[in-house]
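Data first, discussion second: the structure below is written as structure tokens.
The values are calculated or read from the model by the stated rules, or taken from the named source; none is laboratory data. Predicted model, so just to flag it, every value in this text is computed and none were measured. Using ideal geometry, Cβ is built from the backbone for each residue, glycine included, and neighbour counts are taken over all protein chains shown. Remember, those area values only see protein heavy atoms, side chains included, never the ligands or the DNA or RNA. Shrake-Rupley method; radii C 1.70, N 1.55, O 1.52, S 1.80 Å.
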Amino acid sequence: MKPIIAPSLLSADFNNLSNEIEMLNKSNADWIHLDVMDGVFVPNISFGIPVIKSIREISKKPLDTHLMIVQPERYIKTFKEAGSDMLTVHWEACTHLHRTIAQIKEEDMLAGVALNPHTPVSGLEDIIQDVDLVLIMSVNPGFGGQKFIPRSLHRISQLREIIERNKSNALIEVDGGVNTDNIADIIRAGADAVVAGNAIFKAENCEDIITQLKQA
Ligand code: DX5
Ligand code: ZN
């Protein structure tokens, strides 16, 4: 099975966003990964609802929205209306994760949970049958262009074991520092999908890199 490739728009040229989306539409990318940051859960502020609505109008690919915000449960409907197909909330930001996951599914979106690098994957044991996707952060969230944390490979294998044992259908997506050099190891460890920002958008030929990642 070829990996799912989700380019992260955070590294795109914001002066040229519609061309970047057109490029992704033509490419072998599977999803478009959208990083929403609130300046509280993470130190950085990125983009929000009006930008996602505009992207929805021209994107032919499903929108994979990664909420790095506190109290994400307040915005589930809003992100659905903006056009998200998948909505991922952070484990560390949810007091009632089980309820939040159920609410995301009620809105007919795929429900994801993201884990910071220090959060034990074993904490997912009691929710793994309810989620559609687990986003393993392989950097500390907040910025594009950081270095992949090697320990993440072990975390991906641990999570794969939990998924198999619980007969869950959850996909494993890996986010942060993914490139053409390390994707093979990431897939071998058990990932189904990868996010890539800088590796794609800072390359001379973005479409080529997407195809290379897809062939990992
Ligand atoms: C980090 C974001 C990532 C980031 C990935 O907080 O969640 O999606 O944009 O960018 P790269 O691939 O450059 O690490
Ligand atoms: Zn992300």
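Just one of the listed residues (D64, D13) is in contact with a strand residue (DSSP E or B) (Cβ under 8 Å, 6 or more places away or on another chain) and acidic (D, E), namely D64. Cβ-Cβ contacts under 8 Å between residues 6 or more apart (or on different chains), taken from a first residue in the stretch 17-28 that is free of Cβ contacts under 8 Å to residues at least 24 places away in the same chain to a second residue that is buried (at least 19 other Cβ atoms within 10 Å of the Cβ), are absent. If I filter the stretch 52-69 down to residues being within 16 Å of ligand 2 (Cβ to nearest atom) and part of a loop (DSSP other than H, G, I, E, B), which single residue comes out as surrounded by the fewest Cβ atoms within 10 Å (Cβ to Cβ)? Among residues in the stretch 52-69 that are within 16 Å of ligand 2 (Cβ to nearest atom) and part of a loop (DSSP other than H, G, I, E, B), the one surrounded by the fewest Cβ atoms within 10 Å (Cβ to Cβ) is P62. Only strands (runs of 3 or more DSSP E) whose full extent lies in the stretch 124-216 are considered here, and the ones with at least 1 residues that are open to solvent by 40 Å² or more (accessible area, probe 1.4 Å) and within 16 Å of ligand 2 (Cβ to nearest atom) are 171-175. For the stretch 70-122, the tally of residues that are of a type in the set (G, A, S) and either farther than 18 Å from A170 by Cα or within 16 Å of ligand 1 (Cβ to nearest atom) (or both) stands at 6. Applying the criterion of being more than 16 Å from the chain's Cα centre (by Cα) and of a type outside the set (D, E, K, R) to the residues of the stretch 52-65, the residue that is farthest from D35 (Cα to Cα) is I58. If you go through the stretch 71-94 and keep only what is touching a residue at least 40 places away in the same chain (Cβ under 8 Å) and assigned to a strand (DSSP E or B), you end up with M86, T88, H90. Across the stretch 14-51, the number of residues qualifying as under 15 Å from the mean Cα position of the chain (by Cα) and assigned to a helix (DSSP H, G or I) comes to 0. Filter the stretch 104-123 for residues that are crowded, with 19+ Cβ neighbours inside 10 Å and assigned to a helix (DSSP H, G or I) and give the result. I104, V121 - these are the residues of the stretch 104-123 that are crowded, with 19+ Cβ neighbours inside 10 Å and assigned to a helix (DSSP H, G or I). Among the residues of the stretch 77-95, those identified as within 23 Å of G123 (Cα to Cα) and of a type outside the set (S, T, N, Q) are M86, L87, V89, H90, W91, E92, A93, C94. For beta carbons closer than 7 Å, sequence separation of 6+ or different chains, a first residue in the stretch 134-146 that is near ligand 1 (Cβ under 6 Å from one of its atoms) and a second that is β-branched (V, I, T), the qualifying pairs are V139/I149; P141/V42; G142/V42; Q146/V139. The residues in the stretch 1-16 that are hydrophobic (A, V, I, L, M, F, W, C) and open to solvent by 40 Å² or more (accessible area, probe 1.4 Å) can be counted, and the count is 3.
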